[in-house]
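See below for the structure under consideration.
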Amino acid sequence: MTDTVFRASGLTKRYGGAAALDGLDLQLTAGRIYALLGDPGSGRTTLLRCAAGLVKPDSGEVEILGETGDGVYAARHQVGMLIDGPALYRDLSIRNNLKLQGRILGDLPKGRIGKLMKALAITPRDTGNRTVGGCPAGLKMKCAIAMALLPFPRLLLLDEVFGGLDTDDSALFVDLIKAEMEERPMTTLITGQFFAELYPFATDYLLLEKGKIVRSYTREELQARIPEDLQRAQELEDAFKTIRKEDLGA
Amino acid sequence: MKTVFRGELFHLSRSAVLLLAIAVLLVCDLFISSRSKVTESNLYDLAELPGAGTFVNFFQDNKTSPDGAAARMRLPRVKNQPETAVLQDEPGTKYENLIEVYWACSPYYFRWVLASNQGLMVIPLIFAVMFLARDFPHRVFNDSLYIGKRRREVFWGKTLFYFLLAFLVSLAGILLLTLVYASAVFRILPGGYVWSRILLHAFVDTCLMAVPFLLAFLTRNPVITGVLSALYGVLIRYTGAIYPAALKADMASWEQGSFPMTMTLICLGILVVCVAASRLLFEKQDLK
């Protein structure tokens, strides 16, 4: 049985004259937490959109849990996604958004929604009858994370979640991911712009520039190059920029 | 498709906004249609009532009962013979004046209820925006695609829900109008006559909702969809393009015994073309 849960081969997507993805190759192994780092416009969200079937790549192929072509539809039953921010019905409450997704999934075990809401500290006071349209951004993000985790995914693809969470909620999110990974094999890919957000959390780091993966690091490699006593976000960012410059010359 | 449809039903049942939109639709329908109802002052100025002028003139000129008039004009027989019809100055019946007799048993009045349906201006606007166009900027289609639903499943689930709801809302609107302004038709006309016309009109209205449906997929923007849908409603109401001019003509032929096949096929054609075009668009579009 292959350890590869996701593979992108020669993925290209152009918007007008600009290549959002330019022959991208990527392979994700089971049980790891990947941080996909890149500046705005580097192709992070486009990659996830190709994986979700929201856009069709101009060329290349996506393989999900060993399936390609038509098979990816069945494979996506085991994938959780959150791409380009929460996609929620604003006229429904948090709980009803999750219940609606549960209806579409079709065979959700009882208690799954309540468990995820509890783990993310989405309280009855937060939910109640308040519609999503009246909820703060952090609560919407937590709802979207819960929605991505509803189907007990083996592969979790999350786009810039830390930007929508405060410190406490980020900690809850990390604990939840780790708890889910203990219950079943799960691979997580989180995209982001800032290294410091993802460094404490991930096991592997992928650098995306101009639609291509230009470098990858394991946690051990970076730990060997980043002083242990660096705690502040800016210090970590600067350290990573230095490593990047050394390795890529830019 | 089944689960997507169930999701839409769940959404409707839990959304105060959507339920309110339906209520507003029905109220607007009643209010707008009532603005041009028959009153004592305009009864004999019948430019807006298709065929009613002929009926009333005949009725007056021949001093006959509605049943007698119906037989002469090949209308369906009334079930319950009202008391001998009376012209304005003659006593002795349960109806006080010509207007009440007309309102109570004129199938032409019932046809006016069906054919005018001025609320049609409002329905496309609210329906297309509230039940479809808003989903694009909110990206709620994505949640179904993320979990492996094919685009065709999402599309057909949404389409079935949209048109089923459009039919039910049209039906409710027509029933409300009939109950408020021509309720006696249920009592005095054959059930088959009344219901066949109500259902066909609801079907026609539903088919015409296909154009705003397509507009939503074309524009993917609720504001632009709303504006274009409102213009569309005004266009078909005031220019008589397709509806109600063709409908009036065909409905008249139905009174003579031949089913309005041309009208039915035109409306069905509009529905099929718009749904097919929308399907193609949704399949090919890049989604955000």
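A short reminder: the numbers here are calculations on the coordinates, not readings from a lab. What you see is a predicted model, and the numbers here were worked out from it, not measured in a lab. Don't worry about glycine lacking a Cβ; one is built from the backbone with ideal geometry, like all the others, and counts go over all protein chains shown.
Kindly state, as a whole number, the per residue volume in cubic angstrom of the convex hull around the alpha carbon atoms of region A:16-154. Kindly include the intermediate steps, with their values, before the conclusion.
Details: hull volume 20.1 nm³, N = 139.
Measuring per residue, one finds 145 Å³ for the Cα hull of region A:16-154.
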Derived scalar couplings ³J(HN,Hα) [region A:54-65; Karplus, 6.51 cos²θ - 1.76 cosθ + 1.60; whole Hz; x for Gly, Pro]
6, 10, 9, x, 5, 7, x, 9, 10, 10, 10, 6
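Under 13 Å from the Cβ of residue B:279, count the other residues' Cβ atoms, weight Lys and Arg +1, Asp and Glu -1, and hand me the total. Could the numbers behind the result be given before it?
Numbers: positive: B:150, B:151, B:152, B:158, B:284; negative: B:153, B:283.
Around residue B:279, the charge tally is +3.
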Using only atoms on other chains, find how many Cβ atoms lie within 10 Å of each Cβ of peptide A:80-92 and report the average.
6
Expressed as a rounded percentage, what relative contact order does region A:202-244 have, with Cα pairs under 8 Å and six or more residues apart?
26
Per-residue [θ]222 nm for chain A (sum of -39500 (n - 2.57) over DSSP H runs n ≥ 4, rounded to 500)
-10500 deg cm²/dmol
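What FRET efficiency do you get for residue A:183 and residue A:221 if R0 is 22 Å and r is their Cβ-Cβ distance, rounded to the nearest 0.05? Before the final figure, lay out each step's value.
Values: r = 29 Å, r/R0 = 1.31.
E between residue A:183 and residue A:221, to the nearest 0.05, is 0.15.
In the neighborhood of residue A:60, defined by Cβ-to-Cβ distances under 14 Å, what is the net charge if each Lys or Arg adds +1 and each Asp or Glu adds -1? If you can, show how the numbers build up before the last one.
Numbers: positive: A:7, A:13, A:14, A:49, A:56, A:212; negative: A:22, A:25, A:58, A:61, A:63.
Combined, the nearby Lys, Arg, Asp and Glu give +1.
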Using θ = phi - 60° and the Karplus relation 6.51 cos²θ - 1.76 cosθ + 1.60, list the HN-Hα couplings for region B:151-157 in order, rounded to whole Hz, with x at every Gly or Pro.
4, 5, 5, 4, 4, 5, x
Per-residue mean of other chain beta-carbon atoms within 10 angstrom of the beta-carbon, peptide A:67-78?
2
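If R₀ is 22 angstrom, what is the calculated FRET efficiency for the pair residue A:56 and residue A:107, using the beta carbon separation as r and rounding to 0.05?
Working: r = 29 Å, r/R0 = 1.32.
With a Förster radius of 22 Å, E is 0.15.
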Residue by residue through A:116-123, how many Cβ atoms from other chains fall within 10 Å of the Cβ on average?
0
Taking Cα pairs closer than 8 Å and at least 6 residues apart, the relative contact order of region A:113-177 in percent is 45
Amide H within-cut-off set for residue A:84, under 5 Å, with H built and near neighbours excluded:
A:159
Work out the P(r) tail for chain A: percent of alpha carbon pairs separated by more than 32 Å, whole number.
22
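List the relative contact order of chain A as a percent without decimals, with contacts defined as Cα pairs under 8 Å and 6+ residues apart. If you can, show how the numbers build up before the last one.
On the way: 431 pairs, mean separation 68.3, N = 250.
Relative contact order, chain A: 27 percent.
So what's the net charge close to residue B:14: Lys and Arg +1, Asp and Glu -1, counting the other residues with Cβ under 9 Å from its Cβ? The partial results should precede the final answer.
Details: positive: A:99; negative: A:91.
Taking every Cβ under 9 Å from that of residue B:14, the sum is 0.
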Output wanted: per-residue J couplings in Hz (rounded whole) for region A:35-41, from phi through Karplus 6.51 cos²θ - 1.76 cosθ + 1.60, θ = phi - 60°, x for Gly and Pro.
9, 9, 9, x, 6, x, x
